[in-house]
1. Is there any pair linking a residue in the stretch 292-315 that is more than 30 Å from P76 (Cα to Cα) to one that is of a type in the set (K, R), with Cβ under 7 Å and at least six apart or on different chains, and which?
2. Please specify each residue of the stretch 259-303 satisfying the condition of being among the acidic types (D, E) and within 25 Å of T27 (Cβ to Cβ).
3. Are any residues in the stretch 95-116 assigned to a helix (DSSP H, G or I) and either touching a residue at least 12 places away in the same chain (Cβ under 8 Å) or of a type in the set (D, E) (or both), and if so, which ones?
4. Taking the stretch 48-94, which residues are surrounded by fewer than 17 Cβ atoms within 10 Å (Cβ to Cβ), assigned to a helix (DSSP H, G or I) and in contact with a helix residue (DSSP H, G or I) (Cβ under 7 Å, 6 or more places away or on another chain)?
5. Checking the condition modelled with pLDDT of 95 or more and surrounded by fewer than 20 Cβ atoms within 10 Å (Cβ to Cβ), which residue from T124, T151, T103, T183 passes?
6. So if I check each of E60, E53, E19, E48, which one is under 28 Å from H287 (Cβ atoms), of a type in the set (D, E, K, R) and at pLDDT 65 or above?
7. So, A63, is that one among the small types (G, A, S) and closer than 18 Å to G161 by Cα or not?
8. Scan (1) surrounded by 12 or more Cβ atoms within 10 Å (Cβ to Cβ); (2) of a type outside the set (S, T, N, Q); (3) at positive phi for the single condition A260 breaks and write down its number.
Amino acid sequence: MTVQDETPGFDTTSLGLAETPGAWSPTPLQHAMLLSGLSGGVRRSNLEQILIEAPDLPLEADALRAALCALAARHPALRACAELTVDGSLVWTVAAPRAPELTLCDWPDAPNEALSAWLEADRTRGFDLRRSPWRAMLATRGGLPPLLVLTLHHAAIDLPGMAVLLEELADLLSGKPLPPLDTPFETICATPPLDLAAARTHFATRFGAFEKLDLLEPHRVPGRMQSCRADLPEAVTVALRSRAKAAGAGTFAALQAAWALILARWTGRSDASFGLTLAGRNLMPGHERSVASLIATLPQRLDLADLPHLDALLALAQSETEALRPHHAASLDQVRQWA
């Protein structure tokens, strides 16, 4: 395996963008992720690796570097750096446009084993969020197509933002011009308005008498978190969506209902509480295609007692999700005060 020298980010003054003074307060969820990253916690947490194998695109180092640099110039979130101020506050600053770190690898033999080892080392490395929230790796693999890996931190970009990023990257590599974009720096931490009184009422009503116990503790297994994947057959997926739709719910609500049933069974309770991640972009007109991390994770509680049938649980999950959405900008510290 050959790994060439990593290319550090370089300034692109020809783009007409210079380093801009100023600092912006992170959203509540960004704040939590940044604290974890800056405190030397679990390095691999809140890190996303995207593997891209695109035989029809010119995945060549110089073209890729230019495309990544253009994306960084378009989207301030890709140049966001976390800083602790002298008074201990955590803020975002935005650096001058520059390409992310790009590592070039050559794996002529055993590319699958080399990739697995590289991905693990990349996760273990984590991020220095004071410098950059993303990086890239391009690997040649003998007779296989080149492979691109983008590693990003969730504090700077969420799943909808990643979709836009990949779409624009494909356009740039294909030679398609992107429409002009002048993204305000404050986009990196945009939040919808918050009605404090309504939010207080929502969480106090649902969690005011909440028993703060971790009833899953006896079931925990030491070590890294593990994932379990099960692919549902198409017929089962169609049936699940149809059943949810008949109850006035969506697939997201159906997944919540299933998770609530599992938690209730494992904890021996008649209700289930869990964190729910919401995109929030429908609450912020103009941010449908923003490359940033605009998500929020808030507590959801479903009371399974006295529900006559499954459709009632599906409808409850849907209605509670809709009731939660307007409080997207509430912080967990506020929720704790209200509960």
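1. Every condition considered, the pairs that remain are R301/R206.
2. E288
3. P111, E113, A114, L115
4. Answer for the stretch 48-94, where residues must be surrounded by fewer than 17 Cβ atoms within 10 Å (Cβ to Cβ), assigned to a helix (DSSP H, G or I) and in contact with a helix residue (DSSP H, G or I) (Cβ under 7 Å, 6 or more places away or on another chain): just A63.
5. T103
6. None of the others qualify; the one that does is E48.
7. Considered against the rule, which asks whether it is among the small types (G, A, S) and closer than 18 Å to G161 by Cα, A63 comes out as no.
8. All conditions pass for A260, except number (3).
The values are calculated or read from the model by the stated rules, or taken from the named source; none is laboratory data. None of these values were measured; they are calculated from a predicted model. Every residue, glycine as well, gets a Cβ built from its backbone with ideal geometry; the counts of neighbours run over all protein chains shown.
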